[in-house]
1. Considering only protein heavy atoms and a probe of 1.4 Å, how much of the accessible area of the protein assembly as shown is carbon and sulfur, as a whole percent?
2. Picking from A:T49, A:T171, A:T106, which is most flexible by a Gaussian network model of chain A using Cα springs under 10 Å?
3. Between region B:276-306 and region B:511-550, how far is it from one alpha carbon centroid to the other, in angstrom?
4. Which is the longest part of chain B that has none of the GluC sites (Glu not before Pro) sitting in a DSSP loop with at most 13 other Cβ atoms within 10 Å?
5. On a 0 to 90 degree scale, rounded to 10, what angle separates helix A:27-56 from the longest Cα axis of chain A?
6. What Rg and what Dmax come out for region B:588-631 when only alpha-carbon atoms are used, in angstroms?
7. Residues with beta-carbon under 15 Å from that of B:Y159, excluding B:Y159: net charge, scoring Lys, Arg +1 and Asp, Glu -1?
8. Please turn the phi angles of region B:567-584 into ³J(HN,Hα) values with the Karplus equation 6.51 cos²θ - 1.76 cosθ + 1.60 (θ = phi - 60°), one per residue in order, whole Hz, x for glycine and proline.
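The values are calculated or read from the model by the stated rules, or taken from the named source; none is laboratory data. Because the structure is a prediction, the values reported are computed rather than measured. Neighbour counts run over all protein chains shown; Cβ positions are idealised from the backbone, glycine included. Note: areas computed on protein heavy atoms with side chains; ligands, DNA, RNA excluded. Shrake-Rupley method; radii C 1.70, N 1.55, O 1.52, S 1.80 Å.
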Amino acid sequence: MSRNQQTANADIDVSNFSRHLNGQNAPIWWGIIGLILIELSVVSAFTVTYLYLYMQHPQWPPNDIAPPPLFIPTWSTILMLLSCVTMYLAGKSVEKNKSKGFVVYTFASVIMALLVLWIRWQQFDNFDMRWDQHVYGSLLWTISGFHFIHIVSAAIGTAAIGLFGMVGFYTKQRQIGVVVDTMYWNFVAFAWLPFYLVLYYFPRL
Amino acid sequence: MSLKNHPHTEQAIFDDQEGAESILDKTWLSPPGFLGWFTHVNQRQIGFRFVVTSLIFFALGGLLALLMRLQLVQPENTLMGAEFYHQIMTMHGTTMMFFFAVPAMEGLGIYLVPLMIGTRDMSFPRLNAFGYYVYLLAGITLYLALFLGMAPNTGWFSYVPLAGIDYSPGQGVSFWTTMITFIEISALTAAVELIVTILKQRAPGMTLNRMPIFVWSILVMSFMIVFAMPTVMVGSVLLALDRTFATQFFVASGGGDPLLWQHLFWFFGHPEVYIIVVPALGIVSTVISTFCQREVFGYTAVVLSMVTIGFVSFGLWVHHMFTTGLPHLGLSFFTAASAMIAIPSGVQIFCWIATLWGSKIQFKTPMLFIMGFFAVFVIGGLTGVMAASIPFDMQAHDSYFVVAHLHYVLIGGAVLPFFAGLYYWYPKMTGAMLSERLGRWSFWLIFVGLNLTFFPMHQLGLDGMPRRVYTYLHNMGWEEINFFVTCAAFLMAFGFLLTFINTLISPYKSRAAGSNPWHADTLEWWAQSPPRNYNFRHLPVISSRTPLWQKAPLYKVTGIRADRREIIITTLLDAKPQGVCIMPSPTYWPFVLALTVGFGFLGFMFKPILFVVGFFLSFFAIVGWLWPARPWLAEKPPEDGHPVRGLQ
């Protein structure tokens with residue numbers, strides 16, 4: 001009998017197996033990885049689009065337009081990355097069955113995201129170029145807007161998770177919702193980095 | 001969670017206990033009635049809907065093709081004007097690529113994969129239902145646009161600047177960009193859940209090298225969708241922004257680049273061809289194996305070839321752009337890459353020949369369609385190698401030669417295998433056999449019709465007839481061939497019609513199929529025909545690639561509860577049991593979410609602010625969808641040592 005033709009020699013009893021799947025054994029964990037892969041493809045397509053159009057132009061940005069200032073966006077980037085820490089702490093609180101801590105850290109993350117959104121909104125006002133003047137402006141506005149919408153999504157999703165936590169749904173065993181929300185949150189935060197580089201550093205090269 | 005259906009079960013009931021069958025029926029029930037239809041989440045219903053809906057779109061796309069052929073039957077025909085012709089040409093291509101081929105293959109995967117890997121449902125049943133409603137809404141919307149005379153008219157590739165607001169004012173192209181973005185959501189959701197289902201829910205013992213080849217093909221297809229489709233979504237969003245907000249992405253005067261559109265589109269568009277063809281290759285292997293009653297020769301080679309095709313298909317999009325004036329070095333690279341895809345394709349064909357060699361082939365209808373696939377796909381492949389060569393492409397580009405080539409590839413590579421699959425799996429889906437006699441007539445009419453339709457188009461192309469034109473002048477020397485081609489197209493259409501008739505009358509006229517009418521080896525044939533909502537009375541334990549051909553009986557999994565929707569989760573590579581997952585129950589929320597997302601997308605076309613409204617409405621639907629239902633699952637094991645038997 002070949003290796004592929006070996007037969008199992010017993011039934012398998014799973015009655016004592018866990019019904020609480022929290023990490024990589026939970027399908028939703030892999031589902032979120034799938035979502036992140038899709039979004040990574042989108043981020044790559046936007047980044048490549050930026051680089052392609054950048055290479056088509058000897059002068060970038062056009063017509064002596066100044067690149068957007070660096071200082072405030074850098075701080076909003078740091079704030080976004082810091083919110084990953086509070087999300088991590090929220091997860092740790094669930095692991096310790098500390099629901100109050102979980103709710104506090106979750107809403108702290110949401111507030112930080114709202115702060116980032118407010119800063120980004122101010123930046124929109126200060127962009128030197130409209131989206132319809134030149135493709136440089138189109139890229140600046142579209143990529144910034146695209147990421148802005150994602151922060152809004154992550155904030156609303158996490159607020160809902162906080163709400164579920166307030167009614168006591170999340171515990172050490174029942175925490176997969178928090179785990180996957182944190183994965184998506186981290187993705188949204190880190191996906192900003194390639195955009196930050198192309199939008200704020202490439203025009204300075 | 002399904003706990004809602006059985007809120008306070010004192011004593012857990014397991015599926016290996018006596019009387020568990022009726023409880024399983026109740027647990028996995030899809031609610032009856034018209035309103036119940038909108039709550040269904042079971043993979044069987046959703047997969048079936050995908051397949052049936054895609055066939056309806058196939059028929060609609062075919063009717064549009066016949067209209068085009070009627071217009072081209074003679075020179076300077078006045079049956080329809082240029083505008084309407086361009087609309088139906090665009091709708092034909094868009095329908096066949098986005099609304100037939102991809103959903104049909106995904107639908108087949110959704111229906112069959114859980115059965116083939118020995119599980120009871122997909123990983124995300126509600127997402128599955130959501131994907132279907134999105135698909136349905138997108139299709140209905142686009143066809144409503146056609147009936148209102150507002151359909152897109154720039155071809156299924158929507159090249160700019162033609163598709164820009166200056167040359168295509170009005171809502172036609174906006175419908176295209178919006179609905180393409182919308183329907184890709186459906187394709188992507190299905191792809192992710194197929195990947196997760198295949199990787200995490202295989203029956204214990206079904207290691208990756210024991211997985212059915214069809215499941216491998218669906219896995220490869222799904223990964224390709226995940227990496228290819230977002231690019232066309234980005235492209236269509238940028239085009240929509242150009243049209244609605246006057247951004248300058250594809251506008252040369254504003255610093256944009258029309259060629260960027262072609263790069264984005266074909267980076268998706270070429271893998272798209274293989275997204276359709278790869279699952280078809282899986283069908284070919286499955287049908288050949290069954291009708292030769294032996295394992296496919298070179299399992300590993302066949303699987304690796306499919307994976308290679310998946311990779312290489314991402315590296316040859318530029319061969320659609322040879323005439324756009326790109327640097328020569330780049331063109332040479334893409335010629336080599338294009339030719340290279342013939343290698344894994346050839347490996348598969350030789351493996352199939354080796355399987356057929358010396359076996360006693362049963363030429364039932366599915367096998368006839370596979371034989372048709374061999375002939376037609378090989379011709380399409382050969383003209384593909386011709387078109388991959390730059391000097392030849394310079395001559396044949398945008399001529400009817402390319403129309404002939406792509407139809408040989410797509411009908412040969414996807415439609416014929418899909419119909420083979422339809423004849424092959426119809427008994428499983430409905431419990432009735434399709435009529436052999438009608439099936440044979442259908443096959444021969446399609447096979448003869450398609451060759452008579454498309455082969456002469458090679459000549460038309462070499463004679464200089466350009467594609468995408470709504471008419472042509474007298475005395476070009478194209479009249480006779482065009483007349484002949486139109487007649488042959490009707491012959492082919494009649495062949496397809498026979499299959500549709502066959503599928504409609506067979507449940508009433510044909511004999512019952514039984515669980516395994518072809519004496520096949522894969523697990524779906526272990527289930528009843530049609531399968532129950534829970535697929536299998538007992539989940540199997542696998543110990544070979546051909547579980548139904550092994551002499552020893554299958555062992556089973558015990559300890560799965562019958563009174564709630566439970567499935568087994570296994571490890572990624574070795575399929576060792578890891579845990580038990582409780583699946584969600586039927587609900588309206590996926591339908592509501594599809595409506596709110598659809599509202600946002602459609603609203604964007606007329607008033608962009610409505611997109612924001614749809615965006616926030618969608619969050620209400622998502623929260624409703626995910627709202628945890630009480631009573632929650634108990635966390636601590638009761639005293640008797642069974643950790644999950646009780647509910648809080």
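1. 69 percent
2. Judging by the Gaussian network model, the answer is A:T49.
3. When both Cα centres are located, 19 Å separates them.
4. The longest such stretch corresponds to B:77-638.
5. Tilt relative to chain A: about 20 degrees.
6. Final numbers for Rg and Dmax: 11.9, 44 Å.
7. Working: positive: B:R243, B:R467, B:R468; negative: B:D166, B:D242, B:D257, B:D398.
Spelling it out: positives minus negatives among the neighbours equals -1.
8. So the Karplus estimates, Gly and Pro as x, are 9, 9, 9, 10, 6, 4, 9, 9, 6, 8, x, 10, x, 10, 10, 9, 8, x Hz.
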